[in-house]
Amino acid sequence: MTPFHGFVDHVVRAIRRQGTLAETAVWYFHDTPTEGAELAPLAHVRDSLVPVLDAVLHKIEPNEQGFVYRDPDLSNPVEVAEPLTTLGPDIGAALISDAGAARGRYDPVRLVECLAFVRAVRLRRSRVVWLNPVPVTRWPPSTAAQLARHVPMAPLDVTGMHRAVDVLRGRPVSLERPL
């Protein structure tokens with residue numbers, strides 16, 4: 001995400017300035033918001049270059065382990081469980097991350113970690129959307145393409161931002177295989 005820091009910082013400033021939100025909390029993470037998700041479901045996925053997790057989605061448990069950071073330099077860690085406690089039915093979570101698209105490769109462990117985090121968010125009945133600064137055309141064959149099958153993901157452009165707001169407002173979204 002390093003190439004996108006300036007752009008993401010601009011988006012965060014705009015949200016804080018223009019958003020009509022009571023509060024905006026910003027947390028940073030490296031690769032995945034959590035670590036240590038239960039990876040046993042991967043053992044039940046058929047061997048392939050890009051294993052699809054559809055058959056084991058129900059086995060992916062919510063995960064609150066790991067750290068997020070208060071600053072973009074990732075020098076002020078906070079346990080993931082702390083910001084999760086602020087979520088609820090009226091509070092949404094927008095994640096801004098390339099989800100592996102910048103590297104252009106698929107990582108099933110990263111996918112499980114991301115899905116386990118989304119499950120932890122949804123335990124609080126919060127809506128979640130993933131904003132990706134990498135153009136949609138570059139998502140395949142990366143982890144981002146697989147994650148977007150299960151979690152609302154939008155490009156970090158004007159159209160994507162509108163879609164993200166719709167998701168956070170509770171408008172239905174069509175997913176290939178919802179989590």
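Scan region 126-177 for residues that are assigned to a helix (DSSP H, G or I) and of a type outside the set (A, V, I, L, M, F, W, C) and the total you get is 11. For region 99-108, does any single residue satisfy the condition of being of a type in the set (Phe, Trp, Tyr) and out of contact with any Phe, Trp or Tyr (no Cβ under 7 Å at 6 or more places or on another chain)? Yes: one or more hits. The residue that is nearest to GLY6 (Cα to Cα), among those in region 82-93 that are free of Cβ contacts under 8 Å to residues at least 40 places away in the same chain and surrounded by 14 or more Cβ atoms within 10 Å (Cβ to Cβ), is ALA93. Checking each residue in region 156-179 for being modelled with pLDDT under 90, of a type in the set (A, V, I, L, M) and either surrounded by 15 or more Cβ atoms within 10 Å (Cβ to Cβ) or under 15 Å from the mean Cα position of the chain (by Cα) (or both) picks out LEU156, MET161, ALA164, VAL165, VAL167, LEU168, LEU179. Might you let me know whether region 75-91 holds any residue that is in a strand (DSSP E or B), of a type in the set (Ser, Thr, Tyr) and either modelled with pLDDT of 85 or more or touching a helix residue (DSSP H, G or I) at 6+ places or on another chain (Cβ under 8 Å) (or both)? No, because not a single residue in region 75-91 is in a strand (DSSP E or B), of a type in the set (Ser, Thr, Tyr) and either modelled with pLDDT of 85 or more or touching a helix residue (DSSP H, G or I) at 6+ places or on another chain (Cβ under 8 Å) (or both). Is it the case that ILE96 is surrounded by 17 or more Cβ atoms within 10 Å (Cβ to Cβ), in contact (Cβ under 8 Å) with a residue 12 or more places away in the chain, closer than 22 Å to SER142 by Cβ and of a type outside the set (Phe, Trp, Tyr)? The answer is yes for ILE96.
Looking across region 98-117, just one residue is in a helix (DSSP H, G or I) and either in contact with a His (Cβ under 8 Å, 6 or more places away or on another chain) or of a type in the set (Ser, Thr, Tyr) (or both), and that is LEU115. Here is the figure for region 20-68: residues that are modelled with pLDDT of 90 or more and either in contact with a Phe, Trp or Tyr (Cβ under 7 Å, 6 or more places away or on another chain) or of a type in the set (S, T, N, Q) (or both) total 6.
The values are calculated or read from the model by the stated rules, or taken from the named source; none is laboratory data. No experiment lies behind these values; they were computed from the predicted model shown. Note that each Cβ is placed from the backbone with ideal geometry, even for glycine, and that neighbours are counted across all protein chains shown.
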